[in-house]
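Worksheet for the structure shown next.
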Amino acid sequence: MPDLHDTQPNRKTFERYYDSVDNGLQAPPKILFWGMILLVVLLVIGIFVTIFGFSEVLQPAQQQRVIDQLPFMRAFLKPTPVGGIFPTIEPASSEDDALSLLDIPLNIPSPTPSATSDTPVEATEEIQPTIVPTQPEIVATETPIPTIEPTPVETEEATSLIIPTATSVPENVNNAVDDVSTSSVASTYIPPSARIFGITHQQQKWNNCGPATITMALSFYGWTQDQDFAADRLKPNREDKNVSPYELVNFVDESTDINAMVRMGGNLELLKVLISNEFPVIIETGAMFEAYDWIGHYRTVVAYDDVFELFYFFDSFLGVGTSAQGVTETYSNVDKDWQAFNRTFIVIYDPQREGLLRSILDSHWTADEAAQIAFEVAQQEAKLEPQNAFAWFNMGTSLVELERYQEAATAFDQAQRAKLPWRMMWYQFGPFKAYFETGRYDDVLSLVQINLTNAEELEETYYWQGKVRQAQGQPEQAAVSYRRALAYNPNFNEARAALDSLS
């Protein structure tokens, strides 16, 4: 018989052994525990570093590429001003001062009504091109547009462009000719629809609306350079948020044998006359694309149709629309979006057709008369809709063009009370000039600071900062601002001249 006393120690030994195994499974080694804690901490730090790098280090173009792949990262962009509204600075003028602008007459005479008009044109009416009701008996034939073989331009000097012949003219209307004395019919007849052929679309690269759009318009004349060529001269810094209409005009004048001009105060009928006479025209508008806040945007007009009340655009962002006929916008929407930029338009034209263009533009031919028209339209719109910020801003822009700075500053004050989009001062610098010319230097610097908070890559902002510092007797600080402007755009002639003036 086995001895029970001999088996008892063995049982206790096994029990102690299994207890030790169980305890080992329930209590992992300390190094594993602390390793997991460290991993979690590193993960959290990595997330914060990634978000910081995305919002504070990456350039906007790089941020957009990240968002294209990871849309949720948009939530980590720097916050925009509350409500998407431009922060209001304390106005120096009262609201009563602003309201008095609604009744002021300008000293520039209103454009003389056309001899074909039956009634005089009121000062507050939108000036429309004259429409001739009668038509000649001659039936015009169509002239096919010639095929233009691309010819690379290898130098940066002025480039001779190929001038295509007109594609067609309205039935029973003489061919448009260049001499102004014989072109009145072609310049004033507005067919129910028209289209410009021969424009090549350019899909814009990042922040490249201006260069892409001017390249499209020039392609009508056989221009073969791409948008990068224009961007190198217009915005060497790819993050530059704005290319002004005057910069686009200067680019055309300096780089090609074609001419360009910019005017404010356009209207829908004038666009139609330009298109029907085959003058490429660009308009500057406000836009709100999907997933974007309000921005400024250039568009090339290629056609219109009165039956459907549509304009057709080759749009550097949205493309060419259905069947490559153009992106469509209703007449009313075009005018609404165009209002944000005082209905500014750029015409690209062959110098040999200047007489015809002068006839078409009529009272818009000179900058002062165009500003007069634009002011009167904005004045009427502000009367009808006193809270329309764009109407007040356009009054200010027109008054700056007319060098009536005190009244312009008052109009800009009221525009800010009425709430402007927060990007407004990226594109239009009339308030900077009006406040500067009236000695409101602190207000100019307030606008400068608001712009720098939201976008550092605007050479015009540093230019106006420099102007104030120079006026305040701080030449060294002014030079720093001018050099900063030139660092963003070495082709900024105004900053270059201002810097040179210091020495």
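One line per residue, one yes/no per condition, for (1) over 17 Å from I196 (Cα atoms); (2) part of a strand (DSSP E or B); (3) in the same structural domain as Q339 (by TED's automatic domain parsing):
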position	(1), (2), (3)
M261	yes, yes, yes
K272	no, no, yes
E278	no, no, yes
G286	yes, yes, yes
Y298	yes, yes, yes
V301	no, yes, yes
F308	yes, no, yes
F311	no, yes, yes
What is the number of the single condition among (1) buried (at least 24 other Cβ atoms within 10 Å of the Cβ); (2) over 22 Å from A382 (Cα atoms) that A371 does not meet? (2)
Scanning the stretch 279-310 for residues that are of a type outside the set (V, I, T), more than 27 Å from E401 (Cα to Cα) and touching a Phe, Trp or Tyr at 6+ places or on another chain (Cβ under 8 Å) gives M288, F289, D293, A303, Y304, D305, E309, L310
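Check T256, T285 and return the single one that is under 23 Å from F341 (Cα atoms) and in contact with a helix residue (DSSP H, G or I) (Cβ under 9 Å, 6 or more places away or on another chain).
Only one candidate qualifies: T285.
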Taking the condition of being in contact with an Asp or Glu (Cβ under 9 Å, 6 or more places away or on another chain), within 22 Å of R195 (Cβ to Cβ) and either in a helix (DSSP H, G or I) or not assigned by TED's automatic domain parsing to the domain that holds L248 (or both), how many residues in the stretch 215-237 meet it? 1
For I348, all conditions in the list (1) under 24 Å from V262 (Cα atoms); (2) surrounded by fewer than 19 Cβ atoms within 10 Å (Cβ to Cβ) hold save one; what is the number of the exception? (2)
Filtering the stretch 428-463 down to residues that are assigned to a helix (DSSP H, G or I), more than 14 Å from I89 (Cα to Cα), of a type in the set (S, T, Y) and at pLDDT 95 or above yields T461, Y462, Y463
Determine whether the stretch 291-308 contains at least one residue that is of a type in the set (D, E), in contact with a Ser or Thr (Cβ under 7 Å, 6 or more places away or on another chain) and within 17 Å of G326 (Cα to Cα). yes
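The values are calculated or read from the model by the stated rules, or taken from the named source; none is laboratory data. Note that the structure is predicted; figures quoted are calculated from it, not measured. Every residue, glycine among them, receives a Cβ derived from its backbone with ideal geometry; neighbour counts consider all protein chains shown.
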